[in-house]
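The numbers here are math on the coordinates, done by the rules we state, and not lab data. What you see is a predicted model; the values in this text were computed from it and never measured. Neighbour counts are summed over all protein chains in view; Cβ atoms, including those assigned to glycine, are modelled from backbone coordinates with ideal geometry.
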Amino acid sequence: MTSIGQIAFDLPGLDTGPDLASYRWILANVSGGKDSAAMLYELVRQADAADVPRDRIVCVHADLGRAEWEGTRELAAEHAAAYGLRFEVVARIGLDLVDRIAERGMFPDASNRWCTSDFKRGPVRRLMTALVREAENAGHLGRVRILNVMGLRADESPARRKLLAFSHDGALTCPCRDCVLRRAALESAERRGVPCPKDKKTGHGASNTLRHVDTWHPVHSWSTNDVWAAVKRSGLRPHPAYAAGMPRLSCSFCVLASRPALVRAAQLRPELAAEYAAIEEKTGHRFQNDVSMAEIIAEAADASSEVTAIPCWSG
Ligand code: SF4
């Protein structure tokens, strides 16, 4: 769930994280995966050190349906419960991801990740709206500050490497000083009939007139070893898919995953692989531009194709 309205802040002391006590809500995006577990461990550690009441931290799990590994949602709930945190599940209204792919007749890809926007970002924003209302009903005055916390890491993919560890989720309707300045730059560029520089754009983030949203990736610079060390310290249970050879949890068949990861997933979930292959056949679209699920299934069935080192995702 990457922010598309990233605005860098030159915050003093950011090495040690944002000012957690300044947020009314801290939204921890929990997937049940190792990075999410490490993120939660680190977030709770820092929140406790800053005396942030735990009832301000809300764990949210975006449920994608059967595209995810079995037991993912339950594991995410278990991780939240281990810290006594509130747990919310959000989902797209209507079909789950696999059925939606079949309905659209196309798979998402790196340049059109509608799976993320429709199934994660959108539903999480609906929860933000509900949390703002909840804060207002409890007497909160003024814009509600929300910190959206995710376990994305630079090591995971080239796209994630470019993310900022901390950013403002700016938007056209956000009245903060940075967004106002960016809006002025955009209007000026439009008046002059020139393109607005990318780094001056306001973006389409989650902030608006009612809420100020920032995004934080507390484990952005962590290595895979750092993550596993934190998971071990936390005592949180990892998903069995890791022991079966998967390097990441996410969807069992992620459209950005490497071929070896897809092959291993097809060995572990042959029925779901067959469903994707049937969609390919019906729609004439391949799972990935250069890899079809039918090829993956054939490779998975080959007993000699042992999957060992699985490279990082592409997006
Ligand atoms: S894990 Fe991959 S396929 Fe699933 S929602 Fe994320 S980007 Fe899309």
Too long for a 26 Å Cα-Cα cut-off, among LYS162/LYS232; LYS34/LYS162; LYS34/LYS200, are LYS162/LYS232; LYS34/LYS200
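Two decimals, Cα atoms only, Kirkwood Rh: what is Rg/Rh over the stretch 6-216?
Details: Rg = 18.0 Å, Rh = 18.5 Å.
Ratio of gyration radius to Kirkwood radius: 0.97.
Please arrange TRP69, TRP25 by how many other C-beta atoms lie within 10 Å of their C-beta, fewest to most. Each step should come with its number before you reach the end.
Working: TRP69 24, TRP25 21.
Fewest-to-most ranking of TRP69, TRP25: TRP25, TRP69.
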Given a 10 angstrom Cα cut-off, can you work out which residue in PRO53, PRO18, PRO158 is the most mobile in a GNM of the chain? PRO53
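Which FRET efficiency value, to the nearest 0.05, do you get for SER221 and HIS140 by plugging their Cβ-Cβ distance into 1/(1 + (r/R0)^6) with R0 = 41 Å? All intermediate terms of the calculation are to be shown ahead of the outcome.
Details: r = 33 Å, r/R0 = 0.81.
Between SER221 and HIS140 the formula returns 0.80.
What do you get for GluC sites (Glu not before Pro) in the stretch 78-142 restricted to DSSP loop and a cutoff of at most 16 other Cβ within 10 Å of the site's Cβ? Can you show the working numbers first?
On the way: sites: GLU78, GLU88, GLU103, GLU134, GLU136; in loops: none.
Filter output for the stretch 78-142: empty list.
Which loop chymotrypsin sites (Phe, Trp or Tyr not before Pro) in the stretch 106-168, with loop taken from DSSP, have no more than 16 other Cβ atoms within 10 angstrom of their Cβ? Don't jump to the answer; show the numbers that get you there.
Numbers: sites: TRP114, PHE119, PHE166; in loops: none.
Loop-located and lightly packed - none at all.
Would you order MET150, MET106, MET246 from fewest to most other beta-carbon atoms within 10 Å of each residue's own beta-carbon? Please report the intermediate quantities before stating the final value.
Details: MET150 25, MET106 14, MET246 21.
Lowest to highest Cβ neighbour count: MET106, MET246, MET150.
Starting from the Cα-Cα distance between ARG66 and ALA301, subtract it from 0.36 nm times their residue separation and give me the gain in nm to one decimal.
82.4 nm
Rank these for me by crowding, VAL98, VAL227, VAL219, VAL194, going from fewest to most other beta carbons within 10 Å.
Details: VAL98 18, VAL227 23, VAL219 27, VAL194 9.
By the 10 Å Cβ count, ascending: VAL194, VAL98, VAL227, VAL219.
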Packing-based ranking, highest mean first, of 178-186, 201-209 given that Cβ atoms within 10 Å are counted: 201-209, 178-186
